[in-house]
Amino acid sequence: MAESDLILDEGFPVLSDFKPGSSDEDRFPVPRAPFASYTNAITFAQRTSFLNDCALVFNARATEGDEYSSGSTFFLPSSMKPRCALEALAQTIFNKHTEGLEGKFDPKNSGAEWWTLVLDNKLTTSNDLPPKKAIDKDDDDSEEEEDDEVGMHFDADYALEEQASGVFLHPRVATITYLSDVGVPTLILDKRSPPPQDVEKSSLNGSITKGWLSHPSFGKHVSFDGRLLHGAPGEFFPSASTPESSKYDDDVPEPQTKKQKVEEKADEEDNALVGKRITFLVNIWLNHSTMDAVILDDDIVKKLTTMWEDPDINAKSDEAHVPAFQWNTKDIANEDKLTNKVSLTKSPDAAGIEDIVLCNRHVDMAFNSSMSDLHDASKLAAKEGSMPLILEEGVLSLTVGREASDDEDDESEED
């Protein structure tokens, strides 16, 4: 078997010496957990400029006339040296999640797929919506859709799926680093994409009984199994904060030096980002480079304003230099302890049904708790930051329908 042959194991690319039927103990140890949360994982010495760079890259990757989910993602090969602070953060996240695994994956075909989202936030509370509402995203009369919603989706190499229909190849780990305190939470569900032999996608059908809610908090980092269904359905699980309550300027003390004293001021650029839901997304790809992602263009790199230097070079030339950011989670195994959970039950006053597109199929996603119960669950999760969801049978279910047409996009980016 050639070294370049693509071999799949339960949705993941594996090395050519992989032995099918390996026991759980012998399997690759990543992802380490289906979901993990890390509070205050990162702090910044150049916070404003970093956020502005996120906005610049976000605008650069969006194509005119399309939704925010359009455009390329970016890729940083594991062996490539970063050229800017954004690439440096993507590499840091990749290295932290693969620490101790050297020699167990092919570094030449591994790396970090990354992108940014900078979305408008509009507060929705349980008083803003009627107690029962059927949601249809294709309905032109629907005016309730949140600007910062992200459709439910799987992260996958969709360019590969177009060439090999039905083959959904996933990153080992999906990650979100929140760079604001506002916006709707991320919903991660214990549901995987269908295997290649499931032509009708029937394995998507049925109830989902477990999930997690993660609310935005500046500097928080979450990771989860890259095969899991996720998104940010704000109609059902709304934001718990207002833009005015965001501690945009002073929620995390930043290091200062005589050479570089950082002052966060509400200038015009800052004001443009206040109230935005800002996230930095990194997918950890091992033994495969996703086909659609591209290396960030040099012309964009030149426009970025966050001062950054290669630490290997700078260590010898400027001891007073302050890094653009500091990663605070030394050991990725030391995740937050999520001791509380929220349980949801079915209600005769069901919240509604959302029409989504998964794996080239229209899928009805039914939320069969009451809208008020879903909103209350979001409020409880906000108090903890991240919280497991226990879902009674039938509370959240998927029903697979007709095939999606070629012009219907089933690729939504991570929130």
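The values are calculated or read from the model by the stated rules, or taken from the named source; none is laboratory data. Every value quoted in this text rests on a predicted model; they were computed, and no experiment measured them. With ideal geometry, Cβ positions are generated from the backbone for all residues, glycine too; neighbour counts draw on all protein chains shown. Surface areas here come from the heavy atoms of the whole protein model, side chains and all, with no ligands, DNA or RNA. Shrake-Rupley method; radii C 1.70, N 1.55, O 1.52, S 1.80 Å.
Before moving on, here are some points about what is shown:
- Cleavage-rule hits, GluC sites (Glu not before Pro), the range 151-213, DSSP coil, Cβ neighbours within 10 Å at most 15: 200
- Extension gain, residue 403 to residue 383: 0.36 nm times the residue separation minus the Cα-Cα distance gives 3.2 nm.
- Ordered from largest to smallest accessible area (heavy atoms of protein chains, 1.4 Å probe), the residues 402, 192 come out as 402, 192.
- Where labels lie 7 Å past Cα in the beta-carbon direction, separation of residue 101 and residue 43 in nm: 2.9
- Given 220/303; 220/379; 341/379; 81/303, the pairs whose alpha carbons are separated by over 23 Å: 220/303
- Sorting 296-302, 92-98, 229-235 by average packing, meaning the other beta carbons within 10 Å per residue, from highest down gives 229-235, 92-98, 296-302.
- Fraction of beta bridges assigned by DSSP in the range 304-395 that are antiparallel (%, nearest 5): 70
- In this structure, residue 291 and residue 60 have a Cβ-Cβ separation that, at R0 = 22 Å, corresponds to a calculated FRET efficiency of about 0.65.
- Within-15-Å neighbourhood charge of residue 391 [Cβ basis; K, R +1; D, E -1]: -1
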